[in-house]
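Undergrad: Pasting in a structure now, in structure tokens, and then I'll have a few things to ask.
Each value in this text was obtained by applying a stated rule to the coordinates, not by laboratory testing. If you're wondering where the values come from, they're calculated on a predicted model, not measured in any experiment. FYI the Cβ positions are ideal-geometry reconstructions off the backbone, even for glycines, and counts take in every protein chain you see.
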Amino acid sequence: MPRDAADLITHIDGEERPGGVAYYCACCGAYMTRGNLGIRMNGEHEHVVFNPAGVLFRVVCFKDAPGAIGVGNASDQFTWFRGFTWRIALCKSCGAHVGWMYEGSGAPAVFFGLIRPMLVERPG
Ligand code: JO2
């Protein structure tokens, strides 16, 4: 069993189907990431959080999201993941705001927190 906070969670969503699941941008359908890149942060894959504007997000964590790109300046303000700065993550294809790219000094050094309703899940 995984022991670390950021261990892979392939035992949750990577093992039932060959190839696992793939996630696509809910706005344009571009490939975003896949289930077997999912990670737990602070023990959980999915986090329910508020931003300073009072908007509630379901945020799911991935060690990479090849379809997303981090833009703008990194900020440590209001970060949901202690020790990590965030920047806005956009869909590379259509520019929709799909979540945030996090950077820290630990392991992982970089991960993506994606807004669950911005992802469409399909068998990969
Ligand atoms: C990431 C946004 C956020 C924060 C935001 C725009 C402006 C500001 C946005 N904690 N960031 C995180 N801001 C998240 C947050 O880890 O609050 O939601 O602070 O000026 O992404 O739209």
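Undergrad: If you check V49, V71, V59, which single one turns out to be buried (at least 16 other Cβ atoms within 10 Å of the Cβ) and touching a residue at least 12 places away in the same chain (Cβ under 8 Å)?
TA: Details: V49 fails: buried (at least 16 other Cβ atoms within 10 Å of the Cβ); V71 fails: buried (at least 16 other Cβ atoms within 10 Å of the Cβ).
Residue meeting the stated conditions: V59.
Undergrad: Also, I was wondering about something else. Could you list, in sequence order, all residues of segment 41-57 that are more than 17 Å from T85 (Cα to Cα) and more than 10 Å from the chain's Cα centre (by Cα)?
TA: Step one: of segment 41-57, the residues more than 17 Å from T85 (Cα to Cα) are 43-46, 48, 53-57.
Within segment 41-57, G43, E44, V48, A53, G54, V55, L56, F57 meet the criteria.
Undergrad: Continuing with this model, one more query. Give segment 22-46 a look and list any residue that's part of a strand (DSSP E or B) and either in contact with a Phe, Trp or Tyr (Cβ under 7 Å, 6 or more places away or on another chain) or surrounded by fewer than 18 Cβ atoms within 10 Å (Cβ to Cβ) (or both), or say none. First the steps, then the outcome.
TA: Step one: of segment 22-46, the residues part of a strand (DSSP E or B) are 22-25, 31-34, 38-39, 41, 44, 46.
Within segment 22-46, A22, Y24, Y31, M32, T33, R34, G38, I39, M41, E44, E46 meet the criteria.
Undergrad: Looking at segment 36-64, which of the residues that are small (G, A, S) and farther than 14 Å from L114 by Cα is nearest to the ligand (Cβ to nearest atom)? Let's see the steps before the verdict.
TA: Applying the first criterion (small (G, A, S)) to segment 36-64 yields 38, 43, 53-54.
Now narrow it down to the ones that are farther than 14 Å from L114 by Cα: 43, 53-54.
On the way: G43: 17, A53: 7, G54: 10 Å.
Filtering first and then ranking leaves A53.
Undergrad: If you don't mind, there's one more thing I want to ask. Can you name the number of the only condition in (1) touching a Ser or Thr at 6+ places or on another chain (Cβ under 7 Å); (2) surrounded by fewer than 18 Cβ atoms within 10 Å (Cβ to Cβ) that W86 fails?
TA: (2)
Undergrad: State the number of residues belonging to segment 104-124 that are more than 12 Å from the chain's Cα centre (by Cα), within 19 Å of N73 (Cα to Cα) and not aliphatic (A, V, I, L, M).
TA: Residues flagged as more than 12 Å from the chain's Cα centre (by Cα), within 19 Å of N73 (Cα to Cα) and not aliphatic (A, V, I, L, M) within segment 104-124 amount to 2.
Undergrad: Sort out for me the strands (runs of 3 or more DSSP E) sitting completely within segment 71-124 that have 1 or more residues that are more than 9 Å from the ligand (Cβ to nearest atom), over 20 Å from V48 (Cβ atoms) and touching a helix residue (DSSP H, G or I) at 6+ places or on another chain (Cβ under 9 Å).
TA: On the way: elements: 85-91, 97-103, 110-115, 119-123.
Result: 85-91.
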